[in-house]
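Engineer: Structure in structure tokens, see below.
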Amino acid sequence: MSSGPAQLPLGVGLRDDATFSSFLAGGNASLVERLRSQLDASGEPLLFLWGAEGVGRSHLLQAACHEATDRDLRALYLPLAELGHFPPHMLEDIERLDLVAIDDLEQVLGRKRWEEALFHCYNRLRDANKRLVVAANASPRQLEVRLPDLASRLSWGMTFHIKPLDDQGRADALKLRARVRGMQLPDEVARYILHRGPRRLDELFEALETLDRASLSAKRKLTIPFVKQALGW
Amino acid sequence: MKFSISREALLRPLALVAGVVERRQTLPVLSNVLLDVREEGLSLTGTDLEVELIGRTMPSQVEEQGAATVPARKLMDICKSLPDQSEITFALEEGRAVLRSGRSRFTLSTLPVAEFPNIEDTQGSIELSLPRGTLKHLIDATSFAMAQQDVRYYLNGMLLELRSNLVRTVATDGHRLAVCSRSADIEVEPAQKLIIPRKGVLELVRLLDDSDEPVSLTLGASHVRAHTGDFTFTSKLVDGKFPDYERVVPRGGDKVFIAERAQLRQVLSRTSILSNEKYRGVRLQLEEGNLQVMANNPEQEEAEENVEIEYTGASLEIGFNVSYLIDVLNVLDEDRVQMTLADPNSSALLEEPGGGDAMYVVMPMRL
């Protein structure tokens, strides 16, 4: 920011975890409802969520895992964008868990060992009556799956398209995430950030994280001049 | 209504109650104090809708019971400036409050009693009592670290944590954190954590003294109430989570030195004279047996002090806002202070040597 003296902040900001209470459902209310009730006895065994970058796929999957942990169930979040470079050993014995959330499915498609491992993973989880939620950037039909058996498994469960938020929804989401962090974000500042800031929601929330730290360090209120300075706009 | 009261009986409760009244008000009636006189005594109420304080005192004579609201500050200024031991007669005449004492006469405006808001009587779920001295010590040891008007509502207050046999206060403004715990003879299951807003904390502590007399607390869902003898204090609570203080207290510091508290405080306050007025930064150079404190300002003026300390270990240079260190040295009561450091970017821990009931965490500055 500046080269002058700077007070380092203590880590006393509130954590903005990816939970259901920090997710603005917008037009995705029924999806969120299904996902939250997936762990009920009558819940869907398999859910498939798809949508464009930055609509909240990872947030929803992590929120489902947080919810499972809150219910004293065991859950595992597998972001294949990061884990897909490894061989699929992590899917072994996975049916011992209560919920498995597989993110970025498209990352491993076309790779024989991964597709086979996923196919068996589907079967084992279903046989063990455990829950699986999968997210990808396209619908099961549009994904390029080599293994026909896996392709059919992908469309076994309920499929939801995650709809992006409109402008009002984006404003509401930004304010919600600020509130989760305990920050008061005035309307005109929220409008400025939305107007000037990145289009993608995840990048927008990263900017919020930067502002959280900067305002803690500088003890400044969130004004437009402060936002400009802290984000280098 | 009509009653008479000695200046001394009125002044202390009036001063405390008027302290709650804000200078700038959204509702005109909030700048008034509510006087309610009955056979059993006179009660005075001041409120800003967040904090309410009721004080009780005994009039020397009650001729007619009743209630009125009058401007708090004017009433207090008048009572304060009357001679000692004056007898004051207060009467409501044609909608105005008339105050007589000796050959003085003051007529004050009033506002309808019905407009005076009172904080709703919340269902108190938990009642407990603490020695006043314990609560006062806990507040005094930590309140300086509360934030003022931070964008994070939860920092503009103090965490009061009550659990079985233990009371704890925590305050932080994001740069430093203060935590103080004391044992107490209370049963609270499950443990309660409330955030009392800054103003409530500052008003509450004014009602407390160092005695073992009890202050009884009533904890509601959205309010906390405290009774001390003649006063009833009610404050709204800050709705929200307070940061987990355990996450912030450093555990890995390996550079531990002990200094004479008063001496170190003097060194720091002298050095601070030539620190940058805006950032208040000072540089500490830790060496075996010696701590060097340096400051300079944009005018290229410099201060340098050396103070003897108990320390063996590696040397370290680290910057701090000098005010944060002085604040801590002011509230510690031991003659000596222990400071634990790790590296120039990690927080410092200040406490009594060997650890007392309070811990202070101060984040360094990059100079």
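Engineer: Which residues, taken from segment A:160-179, are in contact with a Leu (Cβ under 7 Å, 6 or more places away or on another chain) and either small (Gly, Ala, Ser) or closer than 23 Å to B:Gly174 by Cβ (or both)?
Structural biologist: A:Gly169, A:Ala171, A:Ala173, A:Leu174, A:Lys175, A:Leu176, A:Arg177, A:Ala178
Engineer: Continuing with this model, one more query. Quickly run through segment A:78-107 and pick out the residues that are closer than 25 Å to A:Gly56 by Cα and without any contact (Cβ under 8 Å) to a residue 24 or more places away in the chain.
Structural biologist: Result: A:Glu82, A:Leu83, A:His85, A:Phe86, A:Met90.
Engineer: Going by what's in this entry, would A:Leu176 be described as of a type in the set (A, V, I, L, M), surrounded by fewer than 18 Cβ atoms within 10 Å (Cβ to Cβ) and either part of a helix (DSSP H, G or I) or not assigned by TED's automatic domain parsing to the domain that holds A:Arg57 (or both)?
Structural biologist: Values: of a type in the set (A, V, I, L, M): yes; surrounded by fewer than 18 Cβ atoms within 10 Å (Cβ to Cβ): yes; either part of a helix (DSSP H, G or I) or not assigned by TED's automatic domain parsing to the domain that holds A:Arg57 (or both): yes.
Against the criterion (of a type in the set (A, V, I, L, M), surrounded by fewer than 18 Cβ atoms within 10 Å (Cβ to Cβ) and either part of a helix (DSSP H, G or I) or not assigned by TED's automatic domain parsing to the domain that holds A:Arg57 (or both)), A:Leu176 qualifies.
Engineer: Among what's in segment B:227-238 and is part of a loop (DSSP other than H, G, I, E, B) and touching a helix residue (DSSP H, G or I) at 6+ places or on another chain (Cβ under 8 Å), pick the residue that is nearest to the other protein chains (Cβ to nearest Cβ). Full working, then the answer.
Structural biologist: First pass over segment B:227-238, keeping only residues part of a loop (DSSP other than H, G, I, E, B): B:229-230, B:237-238.
Among the residues that remain, those that are also touching a helix residue (DSSP H, G or I) at 6+ places or on another chain (Cβ under 8 Å) are: B:230, B:238.
Working: B:Asp230: 37, B:Val238: 10 Å.
Filtering first and then ranking leaves B:Val238.
Engineer: Now for a different question. Condition test on A:Ser58, is it within 14 Å of another protein chain (Cβ to nearest Cβ), touching a residue at least 60 places away in the same chain (Cβ under 8 Å), under 19 Å from the mean Cα position of the chain (by Cα) and closer than 29 Å to A:Gly182 by Cβ? Break it down stepwise before answering.
Structural biologist: Numbers: within 14 Å of another protein chain (Cβ to nearest Cβ): no; touching a residue at least 60 places away in the same chain (Cβ under 8 Å): yes; under 19 Å from the mean Cα position of the chain (by Cα): yes; closer than 29 Å to A:Gly182 by Cβ: yes.
Against the criterion (within 14 Å of another protein chain (Cβ to nearest Cβ), touching a residue at least 60 places away in the same chain (Cβ under 8 Å), under 19 Å from the mean Cα position of the chain (by Cα) and closer than 29 Å to A:Gly182 by Cβ), A:Ser58 does not qualify.
Engineer: Run down B:Leu367, B:Leu332 and say which single residue is within 19 Å of B:Gly174 (Cα to Cα), out of contact with any Asp or Glu (no Cβ under 6 Å at 6 or more places or on another chain), touching a residue at least 12 places away in the same chain (Cβ under 8 Å) and not assigned by TED's automatic domain parsing to the domain that holds B:Ala145. Write out each step before concluding.
Structural biologist: Values: B:Leu332 fails: within 19 Å of B:Gly174 (Cα to Cα).
Criteria check complete, one pass: B:Leu367.
Engineer: Any residue in segment B:299-317 that is under 28 Å from the mean Cα position of the chain (by Cα), more than 16 Å from B:Leu177 (Cβ to Cβ) and at pLDDT 95 or above?
Structural biologist: Scanning segment B:299-317 turns up no residue that is under 28 Å from the mean Cα position of the chain (by Cα), more than 16 Å from B:Leu177 (Cβ to Cβ) and at pLDDT 95 or above.
Engineer: So, one more: Considering only residues of segment B:239-274 that are within 10 Å of chain A (Cβ to nearest Cβ) and free of Cβ contacts under 8 Å to residues at least 60 places away in the same chain, which is surrounded by the most Cβ atoms within 10 Å (Cβ to Cβ)?
Structural biologist: The residue in question is B:Asp244.
Engineer: Every residue in segment B:151-189 that is touching a residue at least 12 places away in the same chain (Cβ under 8 Å), part of a loop (DSSP other than H, G, I, E, B) and on the phi < 0 side of the Ramachandran plot, please.
Structural biologist: Pass one, segment B:151-189, residues touching a residue at least 12 places away in the same chain (Cβ under 8 Å): B:152-189.
Then keep just the ones that are part of a loop (DSSP other than H, G, I, E, B); that gives B:156, B:164-165, B:173-175, B:184-189.
Once the filter is applied, which keeps residues that are touching a residue at least 12 places away in the same chain (Cβ under 8 Å), part of a loop (DSSP other than H, G, I, E, B) and on the phi < 0 side of the Ramachandran plot, segment B:151-189 yields B:Asn156, B:Ser164, B:Asp173, B:His175, B:Ala184, B:Asp185, B:Ile186, B:Glu187, B:Val188, B:Glu189.
Engineer: Take the residues of segment A:154-182 that are of a type in the set (D, E, K, R) and free of Cβ contacts under 8 Å to residues at least 40 places away in the same chain: which is farthest from the other protein chains (Cβ to nearest Cβ)? Working first, answer last.
Structural biologist: Here is the first cut: in segment A:154-182, the residues of a type in the set (D, E, K, R) are A:163, A:166-167, A:170, A:172, A:175, A:177, A:179, A:181.
Remaining after also requiring free of Cβ contacts under 8 Å to residues at least 40 places away in the same chain: A:167, A:170, A:175, A:179.
Working: A:Asp167: 24, A:Arg170: 21, A:Lys175: 13, A:Arg179: 9 Å.
Only one residue fits best here, namely A:Asp167.
Engineer: Here is a follow-up. Would you please name the residue that is surrounded by the most Cβ atoms within 10 Å (Cβ to Cβ), looking only at residues in segment B:185-205 that are over 12 Å from B:Leu160 (Cα atoms) and hydrophobic (A, V, I, L, M, F, W, C)?
Structural biologist: Per the criteria, the residue is B:Leu204.
Engineer: Can you name every residue in segment B:164-179 that is in contact with a Lys or Arg (Cβ under 9 Å, 6 or more places away or on another chain) and more than 22 Å from A:Pro9 (Cβ to Cβ)?
Structural biologist: B:Leu166, B:Val167, B:Arg168
Engineer: Filter segment B:353-367 for residues that are part of a loop (DSSP other than H, G, I, E, B) and crowded, with 22+ Cβ neighbours inside 10 Å; which is farthest from the chain's Cα centre (by Cα)?
Structural biologist: For segment B:353-367, the residue satisfying everything is B:Pro364.
Engineer: Go through segment B:328-367 residue by residue and tally those that are acidic (Asp, Glu) and closer than 15 Å to B:Tyr245 by Cβ.
Structural biologist: Adding up the residues that qualify gives 2.
Engineer: Tell me which residues, restricted to segment A:180-228, are of a type outside the set (A, V, I, L, M, F, W, C) and closer than 20 Å to A:Asp166 by Cβ. Before the answer, list the steps.
Structural biologist: Taking segment A:180-228 and keeping what is of a type outside the set (A, V, I, L, M, F, W, C), we get A:181-182, A:184, A:186-188, A:191-192, A:195-200, A:202-203, A:206, A:209-210, A:212-213, A:215, A:217, A:219-221, A:223, A:225, A:228.
Within segment A:180-228, A:Asp187, A:Glu188, A:Arg191, A:Tyr192, A:His195, A:Arg196, A:Gly197, A:Pro198, A:Arg199, A:Arg200, A:Asp202, A:Glu203 qualify.
Engineer: Restricting to segment A:183-207, name every residue that is within 12 Å of chain B (Cβ to nearest Cβ) and crowded, with 17+ Cβ neighbours inside 10 Å. Can you show your working first?
Structural biologist: Keep residues of segment A:183-207 that are within 12 Å of chain B (Cβ to nearest Cβ), which gives A:183-186, A:189.
Within segment A:183-207, A:Met183, A:Leu185, A:Val189 qualify.
Engineer: Moving on to the next point. Being within 28 Å of B:Asp140 (Cβ to Cβ), at pLDDT 95 or above and not aliphatic (A, V, I, L, M): is that true of B:Asn321 here? Lay out the reasoning, then the answer.
Structural biologist: On the way: within 28 Å of B:Asp140 (Cβ to Cβ): yes; at pLDDT 95 or above: yes; not aliphatic (A, V, I, L, M): yes.
Yes, satisfied.
Listed here are the residues, each with its yes/no results for (1) under 17 Å from the mean Cα position of the chain (by Cα); (2) more than 10 Å from chain A (Cβ to nearest Cβ).
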{"residue": "B:Ser164", "(1), (2)": "no, yes"}
{"residue": "B:Arg168", "(1), (2)": "yes, yes"}
{"residue": "B:Gly174", "(1), (2)": "no, no"}
{"residue": "B:Val179", "(1), (2)": "yes, yes"}
{"residue": "B:Ile186", "(1), (2)": "no, yes"}
{"residue": "B:Lys193", "(1), (2)": "no, yes"}
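Engineer: Hey, any hits in segment B:310-328 for a residue that's part of a loop (DSSP other than H, G, I, E, B) and charged (D, E, K, R)?
Structural biologist: no
Engineer: B:Leu291 is checked against (1) assigned to a helix (DSSP H, G or I); (2) away from chain A (no Cβ under 14 Å); (3) surrounded by 18 or more Cβ atoms within 10 Å (Cβ to Cβ) and fails just one. What number does that condition carry?
Structural biologist: (1)
Engineer: While we're looking at this one, here's another question. Would you be able to say whether some residue in segment A:17-26 is in contact (Cβ under 8 Å) with a residue 60 or more places away in the chain, over 16 Å from the mean Cα position of the chain (by Cα) and either within 14 Å of another protein chain (Cβ to nearest Cβ) or closer than 30 Å to B:Asn297 by Cβ (or both)?
Structural biologist: no
Engineer: Given the conditions (1) of a type outside the set (A, V, I, L, M, F, W, C); (2) touching a residue at least 24 places away in the same chain (Cβ under 8 Å); (3) surrounded by fewer than 17 Cβ atoms within 10 Å (Cβ to Cβ), and given that B:Arg103 satisfies all but one, which numbered condition is not satisfied?
Structural biologist: (2)
The values are calculated or read from the model by the stated rules, or taken from the named source; none is laboratory data. All values reported here derive from a predicted model rather than from experimental measurement. Note that we place each Cβ from the backbone using ideal geometry, even for glycine, and neighbour counts take in every protein chain shown.
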